[in-house]
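Since the structure comes first, as structure tokens, the remarks are kept for the end.
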Amino acid sequence: MRIPIIAGNWKLNNTVSEAVALTTALKALVADSIGVEIIVAPPFTALSAVHNVIAESNIRLSAQDVFWEDSGAFTGEVSAPLLKDVGCDYVIIGHSERRQYFGETNECVNRKVKAALAHGLKPIICVGEQLEEREAGGTETVIENHVTGGIAGLSASDLLSSVIAYEPVWAIGTGKTATPAQAQEVHNFIRGLLTNAYSDEVASQICLQYGGSVKPENAAELMAQPDVDGALVGGASLEAESFAQIVKRAI
């Protein structure tokens with residue numbers, strides 16, 4: 001059985017004090033939630049403070065990005081060893097906003113994934129198509145390109161330590177959401193790609209998250225799909241009550 005994973009990507013939001021307040025409230029709301037992996041991904045500046053709040057709780061810590069080198073003259077970057085040192089278990093890699101605004105390529109994503117895995121961080125590898133790509137019938141081509149590029153060179157055990165998040169770019173922060181059927185179709189396609197690259201046994205164990213305007217109102221129906229194993233939540237994760245409701249709908 002795949003354990004559902006609900007991750008809150010706070011993006012560029014929350015000061016340290018705001019992050020502590022949000023996490024403190026969330027911790028109380030989900031304290032009795034079992035059978036689900038709960039993750040929060042604050043900005044870099046709040047990672048340490050949030051880790052202190054969630055220590056010995058059922059909430060795990062994720063960063064929103066990582067650099068592929070361990071150390072050196074890379075001003076402004078944050079490495080996997082630094083993220084492990086501050087208490088991270090996960091890291092989001094290849095989010096559409098990183099691809100769109102910062103020019104990240106599949107090669108860049110792949111290098112970051114390998115760096116994360118080398119230091120015991122679990123990468124949440126994001127894939128997804130733009131609206132014009134979907135409308136042109138190119139969804140599967142884009143997804144195959146993102147998936148195969150992102151996991152290139154990974155062993156089966158590496159893949160089993162990873163998560164793949166399908167985020168249709170046209171549904172991120174727009175209020176639009178892929179229908180449960182649309183989400184299932186792409187998730188099933190991704191699992192097929194993993195089967196072809198590894199095996200059905202390996203592919204059947206990988207958690208595939210859906211991300212894109214996930215809310216308490218649509219979370220249960222999305223996660224009821226056979227290949228949708230959780231959610232990468234944006235705006236709704238900035239409110240403790242709404243994020244807690246999504247967590248509870250995954251159980």
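Bear in mind these aren't lab numbers, they're just calculated from the coordinates by the rules spelled out. On a predicted model such as this, the values are computed, not experimentally measured, just so you know. A quick note on method: Cβ atoms are made from the backbone with ideal geometry, for glycine too, and the neighbour counts reach across all protein chains shown.
Taking the range 221-246 as the range and being out of contact with any strand residue (DSSP E or B) (no Cβ under 7 Å at 6 or more places or on another chain) and over 28 Å from Glu18 (Cβ atoms) as the test, the residues that pass are Glu221, Ala224, Gln225, Pro226. When the range 111-141 is examined, which residues are found to be in a loop (DSSP other than H, G, I, E, B) and not acidic (Asp, Glu)? His119, Gly120, Leu121, Gly128, Gln130, Ala136, Gly137, Gly138 - these are the residues of the range 111-141 that are in a loop (DSSP other than H, G, I, E, B) and not acidic (Asp, Glu). For the range 175-251, the helices (runs of 4 or more DSSP H) that sit wholly inside it and include 3 or more residues that are within 22 Å of Ile39 (Cβ to Cβ) are 180-197, 216-223, 240-249.
Within the range 202-218, the presence of at least one residue that is at positive phi and not hydrophobic (A, V, I, L, M, F, W, C) is confirmed. Remark: pairs (first residue in the range 142-165, in contact (Cβ under 8 Å) with a residue 40 or more places away in the chain; second residue of a type in the set (Ser, Thr, Tyr) and buried (at least 17 other Cβ atoms within 10 Å of the Cβ); Cβ separation under 8 Å; 6+ apart in sequence or on different chains) = Ile143/Tyr166; Ile151/Ser162; Leu154/Ser162; Ala156/Tyr198; Leu159/Tyr198; Val163/Tyr90; Ala165/Tyr210.
Of the helices (runs of 4 or more DSSP H) lying entirely inside the range 1-88, those containing at least 2 residues that are in contact with a Leu (Cβ under 7 Å, 6 or more places away or on another chain) and hydrophobic (A, V, I, L, M, F, W, C) are 47-54, 80-85.
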